[in-house]
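In what follows, a single structure is set out as structure tokens and then discussed.
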Amino acid sequence: MSYLALKHFHMTCAILSGVFFLLRGCWMLAGSALLQRRWVKIAPHVIDTLLLASAIGLAVWSAQYPFAQSWLTAKLVALLLYIGLGTVALKRGKTKSVRVAAFVAALAAFAYIVAVAVSKQVVPF
């Protein structure tokens with residue numbers, strides 16, 4: 001696999017991850033039973049594992065690493081924030097208002113990650 005193919009695979013996984021998170025968040029807001037389906041619980045783990053593996057592959061291939069490149073460090077920190085907020089939004093939030101706030105904040109973190117990836121700047125706006 002070429003670097004360009006790996007990069008496109010990574011971007012596809014990122015889009016799938018974001019779209020699927022948005023869909024699950026909408027289902028959470030609607031109180032949908034679809035969130036309890038087995039494939040809905042498994043698919044995000046598969047997509048995110050492929051996303052992480054491709055990110056590691058890109059870092060190794062390009063010799064650009066977090067803590068050496070500030071924009072990659074920013075993406076990594078924002079990713080950890082996104083994961084934490086996503087967990088609160090979809091699982092751990094005690095009230096609907098907490099879940100909604102975490103969902104909106106997670107979407108903002110995802111948007112920041114994408115903006116940093118595109119611009120390769122810590123402050124992409």
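Tabulated values for the structure
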quantity	calculated
Residue that is surrounded by the fewest Cβ atoms within 10 Å (Cβ to Cβ) [pool: residues in segment 79-95 that are within 10 Å of the chain's Cα centre (by Cα) and within 18 Å of ILE47 (Cβ to Cβ)]	LEU80
Cβ pairs under 7 Å, 6+ apart, first in segment 8-37 and under 22 Å from LEU51 (Cα atoms), second open to solvent by 70 Å² or more (accessible area, probe 1.4 Å) and of a type in the set (A, V, I, L, M)	CYS13/LEU50
Count of segment 1-53 residues which are assigned to a helix (DSSP H, G or I), among the charged types (D, E, K, R) and over 21 Å from VAL104 (Cα atoms)	2
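The values are calculated or read from the model by the stated rules, or taken from the named source; none is laboratory data. Since we're looking at a predicted model, the values are computed, not measured. Because the Cβ atoms are built from the backbone with ideal geometry, glycine has one as well, and the counts that use them run over all protein chains shown. The protein model used for the area step is the full one, side chains on, heavy atoms only, and it has no ligands, DNA or RNA in it. Shrake-Rupley method; radii C 1.70, N 1.55, O 1.52, S 1.80 Å.
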